[in-house]
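The values are calculated or read from the model by the stated rules, or taken from the named source; none is laboratory data. Not measured: the values here are computed from a predicted model. Because the Cβ atoms are built from the backbone with ideal geometry, glycine has one as well, and the counts that use them run over all protein chains shown.
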Amino acid sequence: MQPKWLDESQKKTYRNLVIWWNGIFFGILFGAGYGAIIHYYILHLYPQAESSLEKGVLFGMIQGFISGSIGGYFQKLHKQKIETYVPLTKFSLKKYWQEIIKNISSIITIMSVIGIGISIFFGCLAIMPTIFQYKLTEAVTIGLIWGPFFGIVTLVSWSINASFVRESNTNETAKPNQGIRDLFNLALKIIIISAVSIYIVYAIILIIIDKLNLIMLILGLGFAVITGLVTSIAHSTGRSYRFHYALRLVLVIDDCIPIDYVRFLEYARELTLIKRIGGGYQFYHQEFKEYFQSIPINETEEEIS
């Protein structure tokens, strides 16, 4: 099943799931993690500050909601195409770093990094004193940390969106959903590469501003790991993972497939309607696919009832 086979109402639901639900949900989820770490930053830098974990988490969720909504809006504005899904199963570390360097030099400009840094800086100045009753000096300090840090993080994150070698798995012994498992393994590699890269940048910034100590390194490790997760989700592997399950959710909601999809496909294979090729399935004959595609969903539901 490919997203481009969906009808118009299903495509609309699919796009909304991919764009809005992912943007807002993950924005709030990871924003809460960032906010909690900010709380401990403030306590470390300003021991007398009247900060609380609830304030930090809420602040992060608000920032995450705003960022996720803006990201979703711009994705919708550009009308993301629904294309055929092609699994990416091969990983080359050398090619990967070459792509990162190429993206840094050709795609990401220094103006975008500065713009994002300034936006986060002024966002901290506006939100923290007004809503959370932080002192202006605390808001300025967090803004100065968040601004340059997230500007560089954005540069690293966008540049890490390198491509893998496309390779179809024709191994007959491969298990169903093998492509999704491969994507998950690749996502773990993205998390490690991103977290290490960001942590190195963070440590260099601490050395420059003369704030290098154990607590700042521990807090930075939390930032790096969470940002690595965000990068993995934004990466082509994470996007493919989200697209796959968004598609399955749309089909389950419309009663087009059962929840246990693999068991259903195995049953169809036993009836010799489809055959298994590696971790995927394919109709024995093109006529089968064309016939099932030509049946309207409403007509199928009436026949079943």
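Exactly one of (1) surrounded by fewer than 14 Cβ atoms within 10 Å (Cβ to Cβ); (2) modelled with pLDDT of 70 or more is unmet by Thr170. Its number?
In the conditions (1) surrounded by fewer than 14 Cβ atoms within 10 Å (Cβ to Cβ); (2) modelled with pLDDT of 70 or more, Thr170 misses (2) alone.
Among the residues of the range 257-279, are any surrounded by fewer than 19 Cβ atoms within 10 Å (Cβ to Cβ), under 23 Å from His39 (Cα atoms) and touching a helix residue (DSSP H, G or I) at 6+ places or on another chain (Cβ under 8 Å)?
Checked against the condition, which is being surrounded by fewer than 19 Cβ atoms within 10 Å (Cβ to Cβ), under 23 Å from His39 (Cα atoms) and touching a helix residue (DSSP H, G or I) at 6+ places or on another chain (Cβ under 8 Å), the range 257-279 yields no hits at all.
Just a yes or no: is a residue in the range 41-56 at pLDDT 65 or above, of a type in the set (Phe, Trp, Tyr) and not in a helix (DSSP H, G or I)? Break it down stepwise before answering.
Within the range 41-56, the subset at pLDDT 65 or above is 41-56.
Imposing the further condition that a residue be of a type in the set (Phe, Trp, Tyr) reduces the set to 41, 46.
Subsequent filtering for residues that are not in a helix (DSSP H, G or I) retains 46.
There is at least one residue in the range 41-56 that is at pLDDT 65 or above, of a type in the set (Phe, Trp, Tyr) and not in a helix (DSSP H, G or I).
Specify which of the listed residues (Lys289, Lys211, Lys275) is more than 18 Å from the chain's Cα centre (by Cα) and assigned to a loop (DSSP other than H, G, I, E, B).
Values: Lys289 fails: assigned to a loop (DSSP other than H, G, I, E, B); Lys275 fails: assigned to a loop (DSSP other than H, G, I, E, B).
Sole residue among the options that is more than 18 Å from the chain's Cα centre (by Cα) and assigned to a loop (DSSP other than H, G, I, E, B): Lys211.
Restricted to the range 292-305, and to residues that are hydrophobic (A, V, I, L, M, F, W, C) and either assigned to a loop (DSSP other than H, G, I, E, B) or over 28 Å from Ile180 (Cα atoms) (or both), which residue is modelled with the lowest pLDDT?
So the first thing to find is which residues in the range 292-305 are hydrophobic (A, V, I, L, M, F, W, C), and the list is 292, 295, 297, 304.
The next check asks that each one be either assigned to a loop (DSSP other than H, G, I, E, B) or over 28 Å from Ile180 (Cα atoms) (or both); those that pass are 295, 304.
Values: Ile295: 70, Ile304: 44.
Filtering first and then ranking leaves Ile304.
Which condition does Ile226 not pass, out of (1) modelled with pLDDT under 80; (2) buried (at least 20 other Cβ atoms within 10 Å of the Cβ); (3) within 20 Å of Arg242 (Cβ to Cβ), if it passes all the others?
Unmet for Ile226, out of (1) modelled with pLDDT under 80; (2) buried (at least 20 other Cβ atoms within 10 Å of the Cβ); (3) within 20 Å of Arg242 (Cβ to Cβ): (1).
For the range 141-148, indicate whether the set of residues that are under 14 Å from Tyr41 (Cβ atoms), among the polar types (S, T, N, Q) and at pLDDT 65 or above is non-empty.
yes
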